[in-house]
Amino acid sequence: MTSVIIIVFFAFVFVFLTWALINLTQKKKKLLPEYINGKPTVAFFWTDEHKCREMEKFVNELKENFKGSVKVLNFNVLKDYQIAENYLILNVPTVILFDREGNQILKITETKDFAKLESKLKEII
């Protein structure tokens with residue numbers, strides 16, 4: 001019984017430390033230098049599946065609403081896997097907002113969080 005408790009405890013600690021490491025790494029991520037252009041940037045990571053096509057509608061709408069003041073990048077995670085790996089993309093679709101200097105501001109994976117993205121984007125423009 002004691003050994004089961006110890007195993008569960010260490011499994012919990014491992015999961016927590018992994019989660020913390022991923023979150024700390026994500027907060028320090030910067031946009032790759034070749035994509036920084038002095039404008040806020042939205043990076044959309046996708047594959048060819050239903051959820052991604054739904055999110056794509058929101059991304060295209062965002063692109064139209066903020067035309068000229070925001071740069072939108074699209075990355076197919078199957079083709080651009082090195083870029084997706086660089087940003088630790090674990091779920092698709094994923095949208096990441098970067099400020100003018102390329103610092104990661106926000107990361108979303110659900111269409112319900114898109115209002116939060118638009119709000120943050122308005123703040124930094």
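The values are calculated or read from the model by the stated rules, or taken from the named source; none is laboratory data. Keep in mind the model is a prediction, meaning the values are calculated, not measured. Cβ sites come from the backbone with ideal geometry, for glycine too, and all protein chains shown count toward neighbours.
I want to confirm something. Restricting to segment 90-125 and keeping residues that are under 12 Å from the mean Cα position of the chain (by Cα) and among the β-branched types (Val, Ile, Thr), which single residue is farthest from Met55 (Cα to Cα)? If we take residues in segment 90-125 being under 12 Å from the mean Cα position of the chain (by Cα) and among the β-branched types (Val, Ile, Thr), then Ile105 is farthest from Met55 (Cα to Cα).
Looking only at residues that are among the hydrophobic types (A, V, I, L, M, F, W, C) and buried (at least 16 other Cβ atoms within 10 Å of the Cβ) in segment 106-123, which one is farthest from Val70 (Cα to Cα)? Talk me through it step by step, then tell me what you get.
Of all residues in segment 106-123, those among the hydrophobic types (A, V, I, L, M, F, W, C) come to 106, 108, 114-115, 117, 121.
After this cut, where a residue has to be buried (at least 16 other Cβ atoms within 10 Å of the Cβ) as well, the list is 106, 108, 114, 117, 121.
Values: Leu106: 15, Ile108: 17, Phe114: 15, Leu117: 12, Leu121: 9 Å.
Ranking the qualifying residues of segment 106-123, first place goes to Ile108.
Answer yes or no: is there a residue in segment 76-87 that is surrounded by fewer than 17 Cβ atoms within 10 Å (Cβ to Cβ) and in a strand (DSSP E or B). Checked segment 76-87: at least one residue is surrounded by fewer than 17 Cβ atoms within 10 Å (Cβ to Cβ) and in a strand (DSSP E or B). Selection of segment 54-71 for residues being among the basic types (Lys, Arg) and either closer than 11 Å to Leu117 by Cβ or not in a helix (DSSP H, G or I) (or both) yields Lys67, Lys71.
A Cβ distance below 7 Å, combined with a sequence gap of six or more or placement on separate chains, defines the contacts here; from segment 75-86, residues that are over 18 Å from Thr41 (Cβ atoms) reach residues that are among the polar types (S, T, N, Q) and surrounded by fewer than 17 Cβ atoms within 10 Å (Cβ to Cβ) in the pairs Leu78/Thr47. Taken over segment 7-60, the criterion of being at pLDDT 75 or above and surrounded by fewer than 10 Cβ atoms within 10 Å (Cβ to Cβ) is satisfied by Pro33, Glu34, Gly38, Asp48, His50.
So is Tyr87 within 9 Å of the chain's Cα centre (by Cα), at pLDDT below 95 and not aliphatic (A, V, I, L, M) or not? Steps first, answer last, please.
Working: within 9 Å of the chain's Cα centre (by Cα): yes; at pLDDT below 95: yes; not aliphatic (A, V, I, L, M): yes.
Considered against the rule, which asks whether it is within 9 Å of the chain's Cα centre (by Cα), at pLDDT below 95 and not aliphatic (A, V, I, L, M), Tyr87 comes out as yes.
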